[in-house]
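Peer 1: Below is one structure. I have some questions about it.
Throughout, read-outs are computed from the coordinates displayed, never taken from laboratory work. What you are looking at is a predicted structure, and each value in this text was computed from that prediction instead of being measured. Quick reminder, even Gly has a Cβ in these numbers, built from the backbone with ideal geometry, and neighbours come from all protein chains shown.
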Amino acid sequence: MRLFAAVVPPEEALDEVERAVAPYVGQVPGLRWAGRPTWHVTLAFYGEVPERALPDLQVRLERAAHRHTVLDVALAGAGAFSSARRARVLWAGVAGDPMTRLADSARAAGRRAGAVQTDEKRFHAHLTLARARADVDLRELVESLAGFAGSPWRAERLHLFRSHTGPQVRYESLGDWALAPVKQG
Ligand code: 2AM
């Protein structure tokens, strides 16, 4: 099963993203827009994980969630992988770098549960908005979305999803765990 860990922004934050991208959806040839129900910020991509490793991964992610406090996040700006000029992925960004430690823990949980992760790229928090099968020049679009600045929100849960690929990508929740509350005083 194809698994990944993620943070899911609240509906209000997604509303803002939806409003920001609405003028461009369907306007760029070659770009397939990700449906709003699939929007998330990936923390760790585990690739194909044997089903027998799932319970261990769930326990480890629960523990990881409890070790981290809730995160203050805002979606902001836009960019593209591998570059705006030769883009395969268009994304909305995450202001600051609030998720790196949680992402490290999510990756470590996968490693310890026996997930063979091929994705060793440096973590760069993003919310994928659209994908392209071949490189497209998105400089103008990235420029247009650069000023996007979403309202702050709190990431309170760590999610594990199973990715069902196919003509219609679907993500099935396999658990979500509360991050620790902010310490008082
Ligand atoms: P993306 O948003 O940049 O496309 C499910 O596929 C999630 O895991 C997506 O958010 C995807 O990132 C992320 N992911 C990270 N590495 C991946 C990889 N090597 N193959 C597929 N998805 C990957």
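Peer 1: Taking the dipole about the Cα centre of the chain, with the C-beta of Lys and Arg at +1 and of Asp and Glu at -1, give me whichever of G47, P98, T69 is farthest to the positive side.
Peer 2: About the Cα centre, the residue reaching furthest to the positive side is G47.
Peer 1: Could you give me D for the range 56-129, from Stokes-Einstein at 25 °C and 0.890 mPa s, where the hydrodynamic radius is the Kirkwood radius over C-alpha pairs? Units µm² s⁻¹, please.
Peer 2: 177
Peer 1: Helix-derived [θ] at 222 nm for the chain: sum -39500 (n - 2.57) over DSSP H runs of at least 4, divide by residue count, nearest 500? Could the numbers behind the result be given before it?
Peer 2: On the way: 4 runs with 45 residues, N = 185.
After summing the helix terms and dividing by residue count, I get -7500 deg cm²/dmol.
Peer 1: Relative to 2.2 N^0.38 Å, what does the C-alpha radius of gyration of the chain come to as a ratio? Two decimals please. Working shown, then result.
Peer 2: Values: Rg = 16.5 Å, N = 185, 2.2 N^0.38 = 16.0 Å.
Relative to the rule-of-thumb radius for its length, the chain sits at 1.03.
Peer 1: Sticking with this one: Farthest toward the dipole's positive end in the chain, which of A146, F123, A108, given Cβ charges of +1 (Lys, Arg) and -1 (Asp, Glu) about the Cα centre?
Peer 2: Going by the charge dipole, the pick is A108.
Peer 1: Then there is this: Apply the Karplus parameterisation 6.51 cos²θ - 1.76 cosθ + 1.60, with θ equal to phi minus 60°, to every residue of the range 170-177 and state each ³J(HN,Hα) to the nearest whole Hz, in sequence, with x for glycine and proline.
Peer 2: Couplings: 9, 10, 9, 6, 10, x, 8, 10 Hz.
Peer 1: With +1 on the Cβ of every Lys and Arg and -1 on the Cβ of every Asp and Glu, and nothing else charged, how large is the dipole of the chain about its Cα centre, in debye rounded to the nearest 20? Could the numbers behind the result be given before it?
Peer 2: Values: 25 positive and 21 negative charges, 116 e Å.
With only Lys, Arg, Asp and Glu charged at Cβ, the dipole is about 560 debye.
Peer 1: To the nearest 10 degrees, how steeply does helix 54-67 sit against the main Cα axis of the chain, on a 0 to 90 scale?
Peer 2: Around 80 degrees separate the two axes.
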